[in-house]
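Below is one structure, written out as structure tokens; comments come after it.
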């Protein structure tokens, strides 16, 4: 019988190596074997996650999320609510109509994302940081740790290190979409030092995360100032928000006012009418979006499975790649096969604006920068290009992301199935204040400077976390 085997990792065609029979434990994936070889020099005894649990892993709920209106309502934690650093988003999030008690989270419950672009993402639930009830979604798996052997915060710190992220890449199965099941997560092996060392590791990451929170709070404050600046420069004074009570929600209107329009009451609410009137009092001419653009179209609907590697397909900018801060993040890439029909008609250009058209993040916008030119874009988003004779593309981008457009977008949203969405005709008819080109450039330049300052703060955060990860690796690795 053969004592060893020659094998080539599927994602690295130029790397061939010999593995021993003794290495053929669990799965035989070459990348997983490579990972184990390159990550066996720990200073401390290693343990598998399965040996540190007090109960079996549990998959989450499969409910449809609905908007959460108050912090007294239970929050439905989904993969998209957790950022790349394992922190819960600060927005209101969603809840659900029916909630099974078994899915509610207890203090120190640990969640792993099990499939899709966010596979490997981890979240540690802390009731002192999240003081409202939470339950978790089906694309996540819950683990409960034996806290007599391991600090939950220590495992969380491990999931932010390079060797954990390498493990995720090695063990995930790419067929269909990347995924790691409950048993595979249980096989996660990592060093388990004495509590004194665990606490040292936790402290390093705690300090880095505190700096992250401070930097991001400052960045958010800068970004929040953009709307006020833009409204002031355009001379738009938004009406004060009124209470959302029954008296306000009951109103009358004439049939002539709604003829040829939507009949749903929400669309004609008095708050929206007041908003449109305030917009018309801008310093500048009001145009419809369709009158100042050259192009607005839906993205590509894939008609076949994704390609496995970039040699076989074109990268697609999907809704999940469009960040709420207006940037595109392609850490997780799906490739559309080159023979996909209409692919050549759905290619982005530099400075194209992408706006999410369908889903819980409808209205989110990002601008295509040079490194993403030639990519395709997904069907749940629009690509928008201004007429340069009338509108500056950067000014239009900032306007589309502002309250001026987002309020109109909220008005336009419909729920025809389970997903909120807007339509091309609705967006084309959004009202836009249009200053002279020079004024648009002045406004765009000022906002660009604000965004650069905010990004610098975020870059400092990333550097602090990388430094923390490096310190932890020096403590744990030989």
Given the criteria within 30 Å of residue 411 (Cα to Cα), out of contact with any strand residue (DSSP E or B) (no Cβ under 7 Å at 6 or more places or on another chain) and surrounded by fewer than 16 Cβ atoms within 10 Å (Cβ to Cβ), does residue 301 qualify?
yes
On the basis of being free of Cβ contacts under 8 Å to residues at least 40 places away in the same chain, within 21 Å of the chain's Cα centre (by Cα) and either part of a helix (DSSP H, G or I) or exposed (fewer than 14 other Cβ atoms within 10 Å of the Cβ) (or both), does residue 463 make the cut?
yes
Can you tell me which residue is modelled with the highest pLDDT among those in the range 97-123 that are farther than 22 Å from residue 462 by Cα, in a loop (DSSP other than H, G, I, E, B) and touching a helix residue (DSSP H, G or I) at 6+ places or on another chain (Cβ under 8 Å)?
108
Looking at the range 187-208 only, could you name the residues that are under 24 Å from residue 88 (Cβ atoms) and surrounded by fewer than 20 Cβ atoms within 10 Å (Cβ to Cβ)?
199, 202, 203, 204, 206, 207
Quick one: how many residues across the range 71-96 are in a loop (DSSP other than H, G, I, E, B) and either closer than 15 Å to residue 323 by Cα or not assigned by TED's automatic domain parsing to the domain that holds residue 60 (or both)?
6
Being modelled with pLDDT of 85 or more, surrounded by fewer than 16 Cβ atoms within 10 Å (Cβ to Cβ) and either farther than 26 Å from residue 142 by Cα or touching a helix residue (DSSP H, G or I) at 6+ places or on another chain (Cβ under 9 Å) (or both) is true for just one of 48, 21, 75, 37. Which residue is that?
48
Do we find a residue being in a strand (DSSP E or B), in contact with a helix residue (DSSP H, G or I) (Cβ under 8 Å, 6 or more places away or on another chain) and in contact (Cβ under 8 Å) with a residue 12 or more places away in the chain anywhere in the range 385-405?
yes
From the list 337, 344, exactly one residue is modelled with pLDDT under 95 and surrounded by 13 or more Cβ atoms within 10 Å (Cβ to Cβ). Which is it?
337
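Every residue, every condition in (1) crowded, with 20+ Cβ neighbours inside 10 Å; (2) within 16 Å of residue 325 (Cα to Cα), yes or no:
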position: 348; (1), (2): yes, no
position: 361; (1), (2): no, yes
position: 389; (1), (2): no, no
position: 419; (1), (2): no, no
position: 435; (1), (2): yes, no
Would you say residue 185 is at pLDDT 90 or above, under 27 Å from residue 97 (Cα atoms) and either touching a strand residue (DSSP E or B) at 6+ places or on another chain (Cβ under 7 Å) or not in a strand (DSSP E or B) (or both)?
no
Is the range 414-424 home to any residue that is closer than 21 Å to residue 388 by Cβ, modelled with pLDDT of 90 or more and either more than 27 Å from the chain's Cα centre (by Cα) or in a helix (DSSP H, G or I) (or both)?
no
Within the range 300-323, the residues that are closer than 15 Å to residue 344 by Cβ, part of a strand (DSSP E or B) and out of contact with any helix residue (DSSP H, G or I) (no Cβ under 7 Å at 6 or more places or on another chain) are 313, 315, 316
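The values are calculated or read from the model by the stated rules, or taken from the named source; none is laboratory data. It should be emphasised that the depicted structure is a prediction, and the values quoted were computed from it without experimental measurement. So basically every Cβ, Gly included, is an ideal-geometry build from the backbone, and we count neighbours across all protein chains shown.
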